[in-house]
Amino acid sequence: MNLEAMTLEVRPRNPWESMDLAVRLAVSHWRLLLASWMICVFPLFLIINIILLNEHPYWAFFLVWFLKPLYDRVPLFVLSRVIFSEKTSVKDVLNAIPSFFKTGLFASLTLYRLDPGRAFSLPVRQLEHLQGKARRNRMNALRRGYNNREIWLFILCAHLETLVSWGLIGMILMMLPVDMAIQGVEAIFTDDEPEFLSNAVSMLMYFSVMMIVETLYISGGFVLYLNRRIILEGWDIELVFRKLAQRKHAHKLQTIITVLFCTTFFLFASSMPQKAQAAAQNASSAYEKILPPVAVPAVSPELSTETIKQVMAHPAFNRFKQVETLEYTGEIDENKKDLDETRSWLSKTFETIGKTLAFVFEVALWLLALTIVFLLVKYWDRLQLGLGSLFKAKKKTTEMPDMLFGLDLREESLPEDVTEQALAFYKQRDYRAALALLYRATLAHLVKNYEFNLPKGATEGDCLEWVTEKLSLSSEAEIIYFIDLTRAWQLTAYAHQMIPEAQMEELCLQWSVHYKKQANNSGARHE
């Protein structure tokens, strides 16, 4: 980095002065900046509008706005070269386009797209080529104690872009006839889709404004970045030391030349003839007769003192000025002064405003708290909070209903040999009664031996869910049996289809394996 080739004065500046300098820098090189923008960015703008403007104008505007971090790399490349007196052309910018995609463009378009300080951080990515943790550490060092002035730059440029864009639209509407202007305003503030020509003109105006404002924004961020480096790295001090080193080197050369000249002159003078030296002495003595004597007689101390007094007595040197100042003469009795009387009207006004704002915020907070409580009470069941789930768990029924979807679940309603009676019903072609007997006998067994609690409106699906998910049966085979039995019952009861005899016999056999022994043991204990 050649600091001596910088086109601006290297010295620390405050942020506002840096922003002003950035505007002057952009104005000084506006031809190259705008030409680079038109050559590199305008073709992409045309492609986006040709594809999207007719069918999806809002998407076209969004995409043009979204790609701003890509456009910003063009003016930064130009400014980073011209500020160090490097010759730059549009051809150089075109050749540098591939390198723009290697400077964290993906992160700039995703994670840091809405970063208001992207103009200040872009030189770290593009010029210093830092990524990840190294970039974050570098940005922390640059922003330390800087009060985030790059955010104010973003706010200024965003408002400038918005105001100028709407101002241009208003100017065009003012130059149109009244009827066309009213139609244009209605198209802007209604849901109607504007015409293609209006969209094209609006996009061109926005592109022109964005080209100028974005260039100023990047220039401001770049100069703020340079100013921080000047302050942190002491570029101005480094330049002073370089100048001192150059001056010392020049002084050495001057000393050598002087010594050589004096030596040459002495040798030449020593080789002069005696007559020439005598003539030179006579000539010098002739001049001494005309010139005044070099030395003057010494003046006594008394005469010097008297002369000084006479000079100081002159009115030009004898001026006096009387100055009056306040002086502390003792302690102030604080009890005699009222603090409220010494307050100015401005401080009282601010105090009143502060109390008013505090009251407004307090009322707003109370309203917010009441609104939250109201919403919690209203949508308690919908939110399914943990406390609500506990209450719901306590409300579960603890008694099994006697009847469930038409089936009598009382134990005394069951025959002594369930499987034999079920096969008898099946042979009598009463298929529904056969499966109903097996199904309700199974449910009665589960209710008696497990915590099988169901509400009155439960269905076969609810029973199946309890058995497969909530009950801990003795074996996996018992669960599979209940699933097969439920499907057979639904097929017979609701689809009115007969199951094969072999399947019926298998269901009865499995019921005896799982439940008959337990039922007999329970009957023996009951006796």
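Where a number appears in this text, it was derived from the coordinates with a stated rule and is not lab data. Every value quoted in this text rests on a predicted model; they were computed, and no experiment measured them. FYI the Cβ positions are ideal-geometry reconstructions off the backbone, even for glycines, and counts take in every protein chain you see.
Structure data summary
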{"quantity": "Contour minus Cα-Cα distance for Arg229 and Phe42 (0.36 nm per residue)", "calculated": "64.0 nm"}
{"quantity": "Distance (nanometres) between label positions extended 7 Å along Cα→Cβ at Ile308 and Leu376", "calculated": "9.0 nm"}
{"quantity": "FRET efficiency for Ile237 and Thr7, using Cβ-Cβ distance with R0 set to 25 Å, rounded to 0.05", "calculated": "0.80"}
{"quantity": "Charge-dipole axis of region 11-72 as Lys and Arg at +1 and Asp and Glu at -1 on Cβ define it, positive-most pick from Ile47, Leu34, Ser18", "calculated": "Ser18"}
{"quantity": "Three-way shape label, region 3-233, alpha-carbon gyration tensor, a/c 1.5", "calculated": "prolate"}
{"quantity": "FRET efficiency for Asn137 and Leu114, using Cβ-Cβ distance with R0 set to 25 Å, rounded to 0.05", "calculated": "0.65"}
{"quantity": "Packing rank of 358-366, 166-174, 493-501, where each peptide gets the mean count of other beta carbons within 10 Å, highest leading", "calculated": "166-174, 493-501, 358-366"}
{"quantity": "Listed peptides 116-129, 217-230 by packing density, highest first (mean Cβ within 10 Å)", "calculated": "217-230, 116-129"}
{"quantity": "Inter-probe distance in nm under a simple model that places probes 7 Å from Cα toward Cβ, at Leu163 and Ser85", "calculated": "3.8 nm"}
{"quantity": "Net lengthening on full extension, Phe101/Leu509 (0.36 nm per residue, minus Cα-Cα)", "calculated": "139.4 nm"}
{"quantity": "Segment Leu156-Ile483, extension gain: residue separation times 0.36 nm, minus the distance between their alpha carbons", "calculated": "110.6 nm"}
{"quantity": "Theoretical FRET efficiency, 1/(1+(r/R0)^6), r = Cβ-Cβ of Tyr58 and Arg247, R0 51 Å, to 0.05", "calculated": "0.20"}
{"quantity": "Cα-based Rg / Dmax (Å) for region 40-118", "calculated": "14.5, 47"}
